[in-house]
Amino acid sequence: MSDFEKLSEVLKPYAERLNTKIWVCEKIGRRLSCIARAGEESYRESFIAYEDDKYAVFCEREITDEEKNLIMQALDDIVKFRKLLISS
C-alpha cells in the first residue's frame with residue numbers, strides 16, 4: 001500500500017462524517033501536490049476548506065464553522081501520520 005493510500009485511509013472517516021469528498025494538498029512552491037483524498041465523487045465545484053502556508057484542504061461543498069474544526073482535526077491527523085511514515 002502506497003503512502004497516498006495509507007493517508008487516504010486516515011482521511012476516509014472524516015469524509016464520511018462530513019458527507020463530502022475531501023482532499024489534502026501540500027504546497028510545494030507555487031504548486032499543490034495531493035497527498036490524500038477520500039469521499040464520494042460528486043463532480044461539483046470545489047471549495048477551499050482550510051489553507052495555511054504549507055497545506056490546503058479542499059471539499060466539494062462549503063463547510064460550516066463547526067465542520068471546520070473537523071477539517072482541522074483531519075489535517076492534524078494526516079500530518080502526524082505522514083511524519084510517522086517518513087520517519088520509519
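The table that follows gives values for the structure above.
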| quantity | calculated |
| --- | --- |
| Listed residues L75, L32, L11, most fluctuating in the chain (Gaussian network, C-alpha, under 10 Å) | L32 |
| Charge tally in the Cβ shell below 12 Å around G39, where Lys, Arg are +1 and Asp, Glu are -1, G39 excluded | +2 |
| Electrostatic dipole magnitude of the chain [Cβ: Lys, Arg +1; Asp, Glu -1; Cα centre; debye, to 20] | 360 |
| Simple spin-label estimate for E16 and R61 in nanometres, 7 Å along Cα-Cβ | 1.7 |
| Which of I78, Y43, L18, positive extreme of dipole for the chain (C-beta unit charges) | I78 |
| Exposure rule at most 13 other beta-carbon atoms within 10 Å, DSSP loop GluC sites (Glu not before Pro): the chain longest free segment | 1-39 |
| Distance between modelled label sites at S33 and F4, nm, 7 Å Cα→Cβ extension | 1.2 |
| Answer label, with Rg and Dmax of the Cα atoms in Å calculated from the coordinates and candidates (i) 15.3, 47; (ii) 19.6, 64; (iii) 12.3, 37 | (iii) |
| Loop sites in the stretch 3-80: chymotrypsin sites (Phe, Trp or Tyr not before Pro), DSSP, at most 12 other Cβ within 10 Å | Y43 |
| Loop-resident sites, the stretch 2-32, for trypsin sites (Lys or Arg not before Pro), counting at most 15 other Cβ within 10 Å (DSSP) | R30 |
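All of the numbers you see were taken from the coordinates with simple rules; none came from a lab. Predicted, not measured: the structure shown is a model, and the values here were computed from it. All Cβ positions, even for glycine, are placed from backbone atoms using ideal geometry, and neighbour counts span all protein chains on display.
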